[in-house]
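Notes for the one structure printed next.
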Amino acid sequence: MSGVPAVAEARLPQIYPWQMEPWQQLRAQDEAGRLPHAMLFSGPQGIGKERFARALAAALLCAQPGAAGACGRCEGCTLLLAGSHPDLRELSPAEGKRQIQVDQVRALIEFCAQTAYRDGGRKVVVITPAEAMNINTANALLKTLEEPAGDTVLLLVSHAPSLLLPTVRSRCRSLPFALPPQEQALSWLSALLPDVQVPALLAEAGGRPLAALALYESEGLQARADCDQLLGEIAAGKLSALAGAERLLEQDIEFVMDWLTLRLNALGRLRLAASDEALPAPWPQWSNVPAQRIYSLLQQVLELRRQFQRGVAINKRLAMEALLLEWLAAWS
């Protein structure tokens, strides 16, 4: 989209304004020598957990970190800026993959066993998203999580911590990240998008500022409006559930799941008279559907989303068609 300002990103990662409290907490623990060796940063996607983890990693590898993080001038920071710091590793699914592979974890374990590049320094690992580890890869990492060799710090980032093995969660200090306060999120977005209806954009992203920015940049608002219209055509009998499923899947499956999750949550709140928020057509006409049916369908959407995140092989077209048929049955 032309004219969209880029997110102002420092050369070394810096935390977002709404992350100051957990940042100060961890910096104080580090200065006191009480920083946990394994931490799990969890919360909704699109609120900045990954950048928080990378900012903390930069501060831990910096020779003279300040209150705001890495100094940006020492040898460690110079290596980070060049993307070649020998004491930092990031573990994520390989391109085109949804899961972290066992050989990636084995290489990581070897890295953790090595001596840090800087005398008296430490090694830092960032794993994101942590739920991309399956049972085998997670089990392979358990010993390292419990007793990392040398002065190694592991930072796990998770958008869905319930998908992690309990044995992984129990070996990490948990730090949940909630949605940022609305005023802070609106202020941050308004500085980047001064000519945009930011409140509506943030609401459409479920209160997640980074997700709101991505939605704007990808013209996702129009795509969601198209999905709403498509569902209305199916309900009106102008389009079959099969044809509707095919058209919905022209969008990315994660986008469709996010749209359905947001709309069903809002419809459920409206049904229970717990909200006066405005829903786009055709959703308001379904406000008489029993709340139990709404949340039953929501659970199906969430379960389908979890299966995709786990890398389970699923026929997307059949799964989407089944969801649409279930919704039509609930409405009728």
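Any residue at all in the range 7-29 that is in a loop (DSSP other than H, G, I, E, B) and under 27 Å from GLU147 (Cβ atoms)? Even if it seems obvious, please write down each step before you answer.
Here is the first cut: in the range 7-29, the residues in a loop (DSSP other than H, G, I, E, B) are 7-16.
When the remaining residues are screened for being under 27 Å from GLU147 (Cβ atoms), the result is none.
Checked the range 7-29: no residue is in a loop (DSSP other than H, G, I, E, B) and under 27 Å from GLU147 (Cβ atoms).
Look through the range 276-309, keep the residues that are outside any loop (DSSP other than H, G, I, E, B) and in contact with a Lys or Arg (Cβ under 8 Å, 6 or more places away or on another chain), and return whichever of them is most open to solvent (accessible area, probe 1.4 Å). Talk me through it step by step, then tell me what you get.
Quick first cut of the range 276-309, residues outside any loop (DSSP other than H, G, I, E, B) only: 283-286, 291-309.
Narrowing further to those that are in contact with a Lys or Arg (Cβ under 8 Å, 6 or more places away or on another chain): 283, 291, 294, 308-309.
Details: TRP283: 2, ALA291: 19, ILE294: 0, PHE308: 11, GLN309: 41 Å².
Among them, the one singled out is GLN309.
For LEU155, indicate whether it is open to solvent by less than 10 Å² (accessible area, probe 1.4 Å), touching a helix residue (DSSP H, G or I) at 6+ places or on another chain (Cβ under 6 Å), of a type outside the set (Ser, Thr, Tyr) and modelled with pLDDT of 90 or more. Walk me through how you get there before you give the answer.
Values: open to solvent by less than 10 Å² (accessible area, probe 1.4 Å): yes; touching a helix residue (DSSP H, G or I) at 6+ places or on another chain (Cβ under 6 Å): yes; of a type outside the set (Ser, Thr, Tyr): yes; modelled with pLDDT of 90 or more: yes.
It is true that LEU155 is open to solvent by less than 10 Å² (accessible area, probe 1.4 Å), touching a helix residue (DSSP H, G or I) at 6+ places or on another chain (Cβ under 6 Å), of a type outside the set (Ser, Thr, Tyr) and modelled with pLDDT of 90 or more.
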Filter result for the condition that a residue is open to solvent by 20 Å² or more (accessible area, probe 1.4 Å), at pLDDT 95 or above and closer than 30 Å to LEU40 by Cα, over LEU262, LEU186
LEU186
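This table checks each residue for (1) touching a Leu at 6+ places or on another chain (Cβ under 8 Å); (2) at pLDDT 95 or above.
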position	(1), (2)
LYS123	yes, yes
THR128	yes, yes
PRO148	yes, no
CYS172	yes, yes
PRO181	no, yes
Restricting to the range 196-218, what's the tally of residues that are part of a loop (DSSP other than H, G, I, E, B), closer than 19 Å to VAL256 by Cβ and open to solvent by 50 Å² or more (accessible area, probe 1.4 Å)?
1
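Which of the residues that make up the range 247-306 are charged (D, E, K, R) and in contact (Cβ under 8 Å) with a residue 60 or more places away in the chain?
Within the range 247-306, the subset charged (D, E, K, R) is 247, 250, 252, 254, 258, 263, 269, 271, 276-277, 293, 303, 305-306.
Once the filter is applied, which keeps residues that are charged (D, E, K, R) and in contact (Cβ under 8 Å) with a residue 60 or more places away in the chain, the range 247-306 yields GLU277, ARG306.
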Residue under evaluation LYS238, criteria (1) part of a loop (DSSP other than H, G, I, E, B); (2) among the charged types (D, E, K, R); (3) in contact with a Pro (Cβ under 9 Å, 6 or more places away or on another chain), criterion not met:
(3)
Identify, please: which residue in the range 174-183 is in contact with a Ser or Thr (Cβ under 9 Å, 6 or more places away or on another chain) and open to solvent by 40 Å² or more (accessible area, probe 1.4 Å) and is, among those, nearest to LYS49 (Cα to Cα)?
PRO176
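The values are calculated or read from the model by the stated rules, or taken from the named source; none is laboratory data. None of the values given here were measured: they were computed from a predicted structure. A quick note on method: Cβ atoms are made from the backbone with ideal geometry, for glycine too, and the neighbour counts reach across all protein chains shown. Only protein heavy atoms, including side chains, enter the accessible area calculation; ligands, DNA and RNA are left aside. Shrake-Rupley method; radii C 1.70, N 1.55, O 1.52, S 1.80 Å.
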